[in-house]
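The values are calculated or read from the model by the stated rules, or taken from the named source; none is laboratory data. None of the values given here were measured: they were computed from a predicted structure. Don't worry about glycine lacking a Cβ; one is built from the backbone with ideal geometry, like all the others, and counts go over all protein chains shown.
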């Protein structure tokens, strides 16, 4: 097998981003994926994705509106699942049971418990379960990882990572992202799972979290009309890493007037501020120079730097060659446990150990979501 036969399940905004990733790989002459099928509940959306694929990839995939029928009928090796959080495990489980390899958008699942069902299903089937965690794959974030590992700032001990945007709009024009039972959690999970993955990638496991969350915007408006959210829109957390590093983390969808974002990492010999290097010995590197020096060229085959294209390539190579994906189901769930530690801590009003969230000993916040899933969580 020289190429995997892939189906795309979910043809909305992020689904189209996956199609663009496939196009980038094709243009870079990396021929490891053939898109056999596309599936979406909205037939016109699936048809539009198929037309785009025909134009850009040179082959028109079959169109489906029912994923069960698709995996029964189409000749497939793998699926890429790009749907709302609540549906991740509902789709992944039958796909894994059918012997397919699965790439699923972040977060791995709607809750930690749902994520474990996916991991156990992958163990039973022997299939690859990968999480589409693309942020770590950018040249900037690779450079931070390799620069820290080479000691460019000495021994790291402190990270500040804060961002905010959106205001009172409906985030990404997807109303479900503001409903607890559909999204799981607001920005500290939806965007925040990217943050958690970077924290762990750069600085190692997070051990303990102390956090607060808030819902500042009681109504949100957009093309879909006006909604009343049930999930938070802001979170602030203190992180303690197993290595002794401490961190301050904040994310919000309730910023008005001006967006904000920064990442500062301090070590014994200097700091990285938004990917710029400032050292005690006077050495300074701009973002461009730092990335050029510390982002390993071998991590960007044929010059591909698009992070979604690279995650698709990593997944395809794992399926083709039996290698381990960089972010498998367990790694994705560890990221998610950091995020849910924020919500569990905020509900309990006390620090929470990430391991207790990962292993299911602390799930007060997630209880209502899990109860809503019912028998779907049977292992």
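Does residue 290 qualify as being over 23 Å from the mean Cα position of the chain (by Cα), at pLDDT 95 or above and assigned by TED's automatic domain parsing to the domain that holds residue 148?
It is true that residue 290 is over 23 Å from the mean Cα position of the chain (by Cα), at pLDDT 95 or above and assigned by TED's automatic domain parsing to the domain that holds residue 148.
Go over the candidates 47, 127, 69 one by one and state the one that is at pLDDT 95 or above, assigned to a loop (DSSP other than H, G, I, E, B) and surrounded by fewer than 23 Cβ atoms within 10 Å (Cβ to Cβ).
Result: 127 is the single residue among 47, 127, 69 that is at pLDDT 95 or above, assigned to a loop (DSSP other than H, G, I, E, B) and surrounded by fewer than 23 Cβ atoms within 10 Å (Cβ to Cβ).
Hey, does the stretch 12-30 have a residue that's in contact with a strand residue (DSSP E or B) (Cβ under 6 Å, 6 or more places away or on another chain), without any contact (Cβ under 8 Å) to a residue 40 or more places away in the chain and either crowded, with 23+ Cβ neighbours inside 10 Å or outside any loop (DSSP other than H, G, I, E, B) (or both)?
no
How many residues are closer than 11 Å to residue 8 by Cβ and in contact with a strand residue (DSSP E or B) (Cβ under 7 Å, 6 or more places away or on another chain) if we restrict to the stretch 40-56?
Number satisfying all stated conditions: 4.
Those residues that are touching a helix residue (DSSP H, G or I) at 6+ places or on another chain (Cβ under 8 Å), assigned to a loop (DSSP other than H, G, I, E, B) and surrounded by 15 or more Cβ atoms within 10 Å (Cβ to Cβ), I need them from the stretch 210-248; list them, please.
229, 231, 232, 233, 245
Of all residues in the stretch 293-307 being touching a residue at least 40 places away in the same chain (Cβ under 8 Å) and in a helix (DSSP H, G or I), which is surrounded by the fewest Cβ atoms within 10 Å (Cβ to Cβ)?
303
Check 184, 204, 192 and return the single one that is in contact with a strand residue (DSSP E or B) (Cβ under 7 Å, 6 or more places away or on another chain), on the phi > 0 side of the Ramachandran plot and modelled with pLDDT of 95 or more.
204
Just the residues that are in a loop (DSSP other than H, G, I, E, B) and under 27 Å from residue 78 (Cβ atoms), please, taken from the stretch 130-158.
133, 134, 138 - these are the residues of the stretch 130-158 that are in a loop (DSSP other than H, G, I, E, B) and under 27 Å from residue 78 (Cβ atoms).
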